[in-house]
Amino acid sequence: MIIKKFQANTETDAIMLAKEELGKDAIVMNIKTISPKGFYRLFRKPLVEVTAAIDDNVTYKNDKATMPKKQSFPDIIYDEPAPLPQPNQGHSKESSAIEEKLNNLQSLLEKQIVEKEALQHTKEKVKAASKNLACIQLIYNQLILNEVDEKYANQIMSEIEGTLKKDASMDNILSSIYQKIVLKLGQPMTINLKSNKPKYIFFIGPTGVGKTTTIAKIASKFKVEEKAKVAFLTSDTYRIAAVEQLRTYANILGIPLKVVYNIDEMEQSRREFADYDIIFVDTAGRSHRNKHQRDDIEGLLKAIPEKEREIYLVLSATTKYRDLITITEAYSEMVGYNLIFTKLDETSSVGNLFNIRMLTNAPLSYATFGQDVPDDIDRIDPQSIAKQLLRGH
Ligand SMILES: Nc1nc2c(ncn2[C@@H]2O[C@H](COP(=O)(O)OP(=O)(O)O)[C@@H](O)[C@H]2O)c(=O)[nH]1
Ligand SMILES: [Mg+2]
């Protein structure tokens, strides 16, 4: 028996090849599809392989082949496969050149596929990032509308951009920025009586911002709510009206008031009020441009040991940002003050409050929002400030 395999593009072609070679009596023993392997699969259709057999006794049509005569075993001849469609796998110079070209083509294609995928990935990232960017831009604009200094708004945005996931929602972004602002506003520092006493609380700042009114508000709370032993000192002797204003509050609240003209008198009153809990010191808030006057305040401050005193720089939220910067520069030698912002009822934007906090790094403390003593004052709430900064008008 002779068994041979024939390959062609179709089953019919393969059988035809078998019959042509082995004769019409050839028997088809097996038909299978051969899927091309490796890189060539890209260019080749699957082939059909027909295994055909013919009995020894039947005349073998192919006269080129020598018929083995007396053979006890079936003679299996694996012949050259049928001609293959181009390109063939031969090892001639020409075909290896083709193979090389194809290999090059393959790596080119593969490279392109990888690049395309990478590009797609980048496009998606860019898309997500630009969505984030639009959202960040919107919030940035809101901060600017609320008079946050561009410098600080940019700082927040760049800090936030690095921490955002690329698929962050508007809510995510907003809450990250909100949290960032709350953190930057920091923990407010207000007066507490638990530590050493007596405690001297100095109020410094420009004229007319509300120092005296704020002292009356805070003193009233300590006197009435905490039943503290409170005294007033004032060095604001430049205007009679200023002393009279504080005296009025002192009388209403039943709080002793002493006017101090110099350091000696300051030291004298220290002895006088030694058994008091808290002493509020009102200062002359004339021009902060006048260094001489600031030296007066510094002299008074030096009369009190650092750990017995606290300084509050009182600023009005209605003052122009530029002027606020100049004011804080003028008071920059007075280290360790906390910030009070007055007249929040007169402005819709709290940007300056944030800006000055960022500029001075001084802790925030109280905010006042009206002329009523003692009600119109509260501890600054960083969360409510952050909300106001992000809210539209
Ligand atoms: N609208 C408003 N006015 C205030 C506030 N605090 C103080 N004032 C007013 O600002 C003016 C100056 O206040 P004053 O305490 O004398 O300021 P000082 O010169 O710094 O001592 C007064 O008319 C106060 O009633 C506030 O929070 N809101
Ligand atoms: Mg005053």
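The values are calculated or read from the model by the stated rules, or taken from the named source; none is laboratory data. Please read all numbers here as calculations on a predicted model, not as lab measurements. Glycine also receives a Cβ, built like all others from the backbone with ideal geometry; neighbour counts cover every protein chain displayed. Ligands, DNA and RNA are excluded from the accessible area calculation, which covers all protein heavy atoms including side chains. Shrake-Rupley method; radii C 1.70, N 1.55, O 1.52, S 1.80 Å.
For segment 213-262, give me each residue that is among the hydrophobic types (A, V, I, L, M, F, W, C), surrounded by 15 or more Cβ atoms within 10 Å (Cβ to Cβ) and in a helix (DSSP H, G or I). Outline the logic, then answer.
Quick first cut of segment 213-262, residues among the hydrophobic types (A, V, I, L, M, F, W, C) only: 215-216, 218-219, 222, 224, 228, 230-233, 240-243, 246, 250, 252-253, 255, 257, 259-260.
Still in the list and also surrounded by 15 or more Cβ atoms within 10 Å (Cβ to Cβ): 215-216, 218-219, 222, 228, 230-233, 242-243, 246, 250, 253, 255, 257, 259-260.
Ile215, Ala216, Ile218, Ala219, Phe222, Ala242, Val243, Leu246, Ala250, Leu253 - these are the residues of segment 213-262 that are among the hydrophobic types (A, V, I, L, M, F, W, C), surrounded by 15 or more Cβ atoms within 10 Å (Cβ to Cβ) and in a helix (DSSP H, G or I).
For segment 330-344, does any single residue satisfy the condition of being outside the structural domain of Ile156 (by TED's automatic domain parsing), within 30 Å of Val224 (Cβ to Cβ), open to solvent by 10 Å² or more (accessible area, probe 1.4 Å) and in a helix (DSSP H, G or I)?
Yes, segment 330-344 has at least one match.
Can Gly254 be described as small (Gly, Ala, Ser) and either away from ligand 2 (no atom under 16 Å from the Cβ) or free of Cβ contacts under 8 Å to residues at least 12 places away in the same chain (or both)?
Numbers: small (Gly, Ala, Ser): yes; either away from ligand 2 (no atom under 16 Å from the Cβ) or free of Cβ contacts under 8 Å to residues at least 12 places away in the same chain (or both): yes.
Yes, satisfied.
Those residues that are in contact (Cβ under 8 Å) with a residue 24 or more places away in the chain and either assigned to a helix (DSSP H, G or I) or open to solvent by 50 Å² or more (accessible area, probe 1.4 Å) (or both), I need them from segment 156-178; list them, please. Walk me through how you get there before you give the answer.
Here is the first cut: in segment 156-178, the ones in contact (Cβ under 8 Å) with a residue 24 or more places away in the chain are 156, 160-161, 164, 166-168, 170, 173-174, 177-178.
Listed by number, the residues that qualify are Ile156, Ile160, Glu161, Lys166, Asp167, Met170, Ile173, Leu174, Ile177, Tyr178.
Which one of the conditions (1) in a loop (DSSP other than H, G, I, E, B); (2) more than 16 Å from ligand 1 (Cβ to nearest atom) does Gly208 fail to meet, given that it meets all the rest?
It fails just one condition, (2).
Could you check how many residues of segment 263-289 are of a type outside the set (Ser, Thr, Tyr) and open to solvent by 20 Å² or more (accessible area, probe 1.4 Å)? Lay out the reasoning, then the answer.
Step one: of segment 263-289, the residues of a type outside the set (Ser, Thr, Tyr) are 263-268, 270-275, 277-282, 284-286, 288-289.
Adding the requirement that they be open to solvent by 20 Å² or more (accessible area, probe 1.4 Å) leaves 263-265, 267-268, 270-272, 274-275, 277, 286, 288-289.
Number satisfying all stated conditions: 14.
Go through segment 219-251 and give me each residue that's more than 16 Å from ligand 1 (Cβ to nearest atom), β-branched (Val, Ile, Thr) and over 14 Å from Asn192 (Cα atoms).
Of everything in segment 219-251, just one residue is more than 16 Å from ligand 1 (Cβ to nearest atom), β-branched (Val, Ile, Thr) and over 14 Å from Asn192 (Cα atoms), namely Val224.
Return the residue satisfying two criteria in turn: it lies in segment 171-215 and is closer than 21 Å to Asp378 by Cβ and of a type in the set (S, T, N, Q), and of such residues it is nearest to ligand 2 (Cβ to nearest atom).
Among them, the one singled out is Thr212.
Of (1) more than 15 Å from ligand 1 (Cβ to nearest atom); (2) at positive phi, Ala303 satisfies all except one. Which?
Just one mismatch for Ala303, condition (2).
Which pairs turn up if I take residues in segment 369-393 that are free of Cβ contacts under 8 Å to residues at least 40 places away in the same chain and not assigned by TED's automatic domain parsing to the domain that holds Tyr140 and look for partners that are surrounded by 14 or more Cβ atoms within 10 Å (Cβ to Cβ) and in a loop (DSSP other than H, G, I, E, B) with beta carbon separation below 7 Å, at least 6 apart in sequence or on another chain?
Matching pairs, first to second residue: Phe369/Asp376; Gly370/Asp376.
Please go through segment 89-141 and pick out each residue that is surrounded by 10 or more Cβ atoms within 10 Å (Cβ to Cβ) and not in a helix (DSSP H, G or I).
Gln89, Gly90
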